[in-house]
Amino acid sequence: MSDMNTAMVEKYRNDFLKEVEANVEEGQWVKMCMQCGVCSGSCPLGNAWAHPPQEIFMMIRAGKRDEVLKSDSMWMCTSCYNCIVRCPRELPITHIMHGLATYSKRLGLAPKTQPTSQFSEIFWNNMMKRGRVNELKLGLSLYFKDGFGQGIKNALANQKLGMSMMKAKRMSPAEFFGGHGIKDASGLQKMIKKAEEIELAKLKANT
Amino acid sequence: MAKREYSYYPGCSSQDGASSSNLKRSIDTMCEVLDVKLNEIPDWNCCSASIGYGSGGVLPRMALSARNIALSEQHNAGQDIVATCAACWLATKEAAERFKEDENFFQEANTALAEANLKMTNQTPIRHMCEVLIEDIGYEALSEGVKKPLEGIKIAGYVGCQTNRPFGIAGESFENPMYLDKMVDSLGAEAIPTYEKKVQCCGGALAFSEPERSQEMIKGIIEAAYDNGADMIATPCPLCQANVEIYQDQINERFGTKFEMPVVYYSQLIDVAYGRSAEDAALDGQIIKAKKLDDIAAK
Ligand code: SF4
Ligand code: SF4
Ligand code: SF4
Ligand code: SF4
């Protein structure tokens with residue numbers, strides 16, 4: 001996807017705001033921000049954001065492309081929707097954060113080892129296989145994302161939790177062998193493939 | 001009472017052997033006692049919640065919800081879609097609204113759906129089970145059916161984020177919603193309307209990817225419940241429930257606290273107040289036993 005990144009840089013040159021407006025979910029709202037700071041004060045993980053939403057919007061307008069797209073800030077969004085209900089200009093801030101995350105990942109700029117970015121990918125792939133999430137495999141892939149040794153360590157650290165979940169019938173080892181899924185998984189996969197095609201064609205048309 | 005019927009979207013976490021299978025069991029019992037019929041959407045799929053965006057663009061993500069809406073139209077025609085998971089409700093409703101606002105986007109979703117031989121008109125209201133309780137049944141009717149008032153139980157109503165924002169329950173405030181407290185009162189228990197952490201985020205999906213940071217927030221949610229003298233926390237959201245209940249051991253280790261605070265669903269409160277057994281109320285699914293509820297159920 002870095003080809004696409006080069007193409008986007010070429011095309012938008014010094015106008016990162018335009019690039020965001022054209023290619024990022026709800027990006028057309030960015031220019032409406034009046035920099036009041038309410039959103040930044042609303043993020044539950046506020047102190048973990050290198051650049052809170054208000055600052056991100058300012059940086060987009062200032063053309064700080066790399067700083068924004070390579071930042072791990074958007075990945076600190078918990079999707080709590082505090083910002084959306086409070087913003088005096090009614091910007092869909094949560095969606096813009098998700099959109100920036102999607103876009104930065106598509107262009108290959110997102111930080112590679114950001115845990116939420118990795119989790120998000122694992123979640124998506126897990127769900128796509130059978131149309132429903134397999135929580136057991138989701139947990140295991142998360143534990144083992146940093147390799148086998150770390151995985152065992154993580155799994156052991158959470159062993160007690162796993163045991164009590166199984167006892168309460170809220171985790172099932174049977175999920176490891178197949179588990180829940182939908183009947184028409186292939187229809188669903190075809191549908192998603194089509195949706196991806198439509199979306200990518202639009203991005204390409206913008207390069 | 002006439003039987004009410006809805007098209008039901010239970011969500012992945014409610015399936016057998018999944019983390020909130022106890023929510024589904026307690027909802028089934030609740031619908032029995034309230035004479036509500038839930039028709040599960042055949043072959044429903046995951047909505048990718050609020051975390052699919054790392055790999056899924058906006059159209060693929062919303063196509064997931066489109067498929068559920070289309071299946072509901074096809075098999076449960078004319079019935080409102082009702083979700084019990086906050087994230088399922090939010091994702092589905094958000095998609096439905098986006099399709100309404102943007103005709104082009106709606107067409108694109110239908111083009112994708114055609115690959116699965118489906119089609120949606122997108123006329124179906126997307127509702128949360130709490131809306132059914134409050135708007136279709138009402139607090140008064142809810143309290144009339146109580147057989148065993150939940151006397152002597154003090155309950156911190158933890159609404160969380162996504163049941164409350166951005167859509168919330170009509171007429172309720174985003175910053176200080178009262179409906180969960182009113183439900184608790186209707187069942188004869190003691191609500192804590194000034195529980196200050198009622199809409200505090202628990203970290204959501206980031207409880208997996210950012211455990212330290214999330215557990216710090218969860219600690220605050222539990223601490224405030226203790227400070228207010230609560231016997232237990234009640235919530236409508238499966239991820240809130242799991243996040244606040246299951247990490248208490250780890251939080252105790254990390255912060256030297258001694259938490260042992262039960263976290264239950266509103267549906268479990270209703271089941272017990274309506275005279276059903278601890279098993280029917282899925283109280284056997286608690287990692288931290290809700291003793292006061294167990295006691296009333298056993299009476
Ligand atoms: S709350 Fe809205 S207007 Fe204020 S800084 Fe944030 S996005 Fe801008
Ligand atoms: S939804 Fe995301 S951006 Fe908005 S307040 Fe919550 S964490 Fe911050
Ligand atoms: S919110 Fe979670 S559990 Fe519910 S359907 Fe979506 S992904 Fe599955
Ligand atoms: S409180 Fe936690 S689980 Fe509940 S909606 Fe908010 S982030 Fe999600």
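For chain A, set up a GNM with springs between Cα atoms under 10 Å and report which of A:D72, A:D184, A:D15 has the largest fluctuation.
Residue with maximal mean-square fluctuation among A:D72, A:D184, A:D15: A:D184.
Can you give the translational diffusion coefficient of chain A in µm²/s, computed by Stokes-Einstein from the Kirkwood radius over Cα pairs at 4 °C and 1.567 mPa s?
Once the numbers are plugged in, D ends up at 67 µm²/s.
Based on the Cα coordinates of the range B:146-208, what is the per residue volume of their convex hull in Å³?
Here the figure is 104 Å³ per residue.
By the scheme Lys and Arg +1, Asp and Glu -1, what is the net charge of all other residues having a beta-carbon under 9 Å from that of B:Y139?
-1
Which Cys residues of chain B have no other Cys beta carbon under 4.7 Å away?
Cysteines lacking a close Cβ partner in chain B: B:C12, B:C31, B:C46, B:C47, B:C130, B:C202.
Treating only the Cβ of Lys, Arg, Asp and Glu as charged (+1, +1, -1, -1), what charge dipole size does the range B:147-298 show about its Cα centre? Round to the nearest 20 debye.
It comes to approximately 160 debye.
Starting at 0 and stepping by 10 Å, how many percent of the alpha carbon pairs of the range B:147-298 end up in each bin?
The calculated distribution, bin by bin, is 12, 43, 35, 10, 0.
Taking the Cα atoms of the range A:61-125, what is the range of coordinates along each of the three principal axes, in descending order and whole Å?
For the range A:61-125, the Cα extents along the three principal axes come out at 34, 30, 14 Å.
Show me B:196-203, B:87-94 ranked by packing, highest mean number of other Cβ atoms within 10 Å first.
Order by mean packing, descending: B:87-94, B:196-203.
For B:V263, enumerate residues with amide H under 5 Å from its amide H, sequence gap 5+ or separate chain, H modeled in the peptide plane.
Close amide H contacts, sequence-distant or interchain: B:I233, B:I288.
Averaged across the residues of A:118-129, what count of C-beta atoms belonging to other chains lies within 10 Å of each residue's C-beta?
The mean count of partner-chain Cβ atoms within 10 Å per residue comes to 6.
Place a +1 charge on the Cβ of each Lys and Arg in chain B and a -1 charge on the Cβ of each Asp and Glu, then give the dipole magnitude about the Cα centre in debye, rounded to the nearest 20.
180
Tell me the angle of helix A:185-205 to the major Cα principal axis of chain A, expressed in degrees between 0 and 90 and rounded to the nearest ten.
Between helix and principal axis, roughly 20 degrees.
Relative to the longest principal axis of the C-alpha atoms of chain B, give the angle of the C-alpha long axis of helix B:58-75, reported between 0 and 90° and rounded to the nearest 10°.
90
Distance between Cα centroids, the range A:87-133 to the range B:1-67: provide it in whole Å.
Distance between centres, Cα-based: 22 Å.
Give the ranking of A:S104, B:S143, B:S19 by solvent-accessible surface, highest area first, calculated with a 1.4 Å probe.
B:S143, B:S19, A:S104
Could you give the longest part of chain A that holds none of the trypsin sites (Lys or Arg not before Pro) found in DSSP loops with at most 14 neighbouring Cβ atoms within 10 Å?
With a cap of 14 other Cβ atoms within 10 Å, the longest stretch comes to A:113-182.
If pairing requires two Cys Cβ atoms under 4.7 Å apart, which cysteines of chain A are left without a partner?
Flagged as lacking a Cys partner: A:C33, A:C36, A:C43, A:C77, A:C87.
Considering only protein heavy atoms and a 1.4 Å probe, what is the carbon-and-sulfur percentage of the accessible area of the range B:207-299?
The computed percentage sits at 47.
Helix A:93-106 against the longest principal axis of chain A: what's the angle in degrees, Cα atoms only, rounded to the nearest 10?
Value to nearest ten degrees: 80.
Tell me, what is the 1.4 Å probe accessible area of B:F99, in Å² to the nearest 10?
10
How much net charge surrounds B:E32 when only other residues with a Cβ under 10 Å from its Cβ are counted (Lys, Arg +1; Asp, Glu -1)? Working shown, then result.
Working: positive: B:K37, B:R276; negative: B:D28, B:D35, B:D271, B:D280.
Neighbourhood net charge equals -2.
Hey, which lysines would be in cross-link range of B:K147, C-alpha to C-alpha under 18 Å, not counting anything within fewer than 8 residues on its own chain?
B:K182, B:K292, B:K299
For B:N228 and A:Q159, what does the FRET efficiency come to when R0 = 51 Å and r is the distance between their Cβ atoms, rounded to the nearest 0.05?
Efficiency, rounded to the nearest 0.05: 0.95.
How about A:K64: which lysines have a C-alpha closer than 21 Å to its C-alpha, ignoring those fewer than 8 places off in the same chain?
Answer for A:K64, where 21 Å is the Cα cut-off: A:K11, A:K18, A:K31, A:K105, A:K112, listed by chain and number.
Tell me, what does the Kirkwood hydrodynamic radius of the range B:4-129 come to in angstroms if you use every pair of distinct C-alpha atoms?
Kirkwood hydrodynamic radius for the range B:4-129: 14.7 Å.
Among B:V184, A:L200, B:I246, whose Cα sits farthest toward the positive end of the charge dipole of the protein assembly as shown (+1 at Cβ of Lys/Arg, -1 at Cβ of Asp/Glu, about the Cα centre)?
Positive-end residue among those listed: A:L200.
Heavy-atom accessible area of A:T6 with all protein chains present, probe 1.4 Å, nearest 10 Å²?
80
Per Stokes-Einstein, at 10 °C and 1.306 mPa s, what whole-number D in µm² s⁻¹ belongs to the protein assembly as shown, with the Kirkwood radius over Cα pairs as the hydrodynamic radius?
Calculated translational D: 68 µm²/s.
Through the Karplus equation 6.51 cos²θ - 1.76 cosθ + 1.60, θ set to phi - 60°, convert the phi angles of the range B:175-182 into ³J(HN,Hα) values in whole Hz; use x for Gly and Pro.
The phi angles translate into 8, 8, x, 10, 5, 5, 4, 5 Hz.
Averaged across the residues of A:104-111, what count of C-beta atoms belonging to other chains lies within 10 Å of each residue's C-beta?
Per residue, the number of nearby Cβ atoms from other chains is 1 on average.
Using only protein heavy atoms and a 1.4 Å probe, how much accessible area in total is buried between A and B, to the nearest 100 Å²?
5600
Could you work out the local net charge near B:Q79, counting Lys and Arg as +1, Asp and Glu as -1, over the other residues with Cβ closer than 15 Å to its Cβ?
Here the count lands on -2.
What average count of beta carbons from other chains do you get within 10 Å of the Cβ of residues in B:90-100? It would help to have the intermediate numbers written out before the result.
On the way: counts 2, 0, 0, 0, 3, 0, 0, 0, 3, 0, 0.
Across the residues of B:90-100, the mean count of other-chain Cβ atoms within 10 Å is 1.
I need the Kirkwood Rh of the range A:3-110: take the reciprocal of the average 1/r across all distinct C-alpha pairs and report it in angstrom.
13.7
The values are calculated or read from the model by the stated rules, or taken from the named source; none is laboratory data. Note that the structure is a prediction, hence the values are computed from the model and not measured. Here Cβ is always computed from backbone atoms with ideal geometry, including for glycine, and neighbour counts include all displayed protein chains. When the accessible area is computed, the model is the full protein with side chains, heavy atoms only, and any ligands, DNA or RNA have been set aside. Shrake-Rupley method; radii C 1.70, N 1.55, O 1.52, S 1.80 Å.
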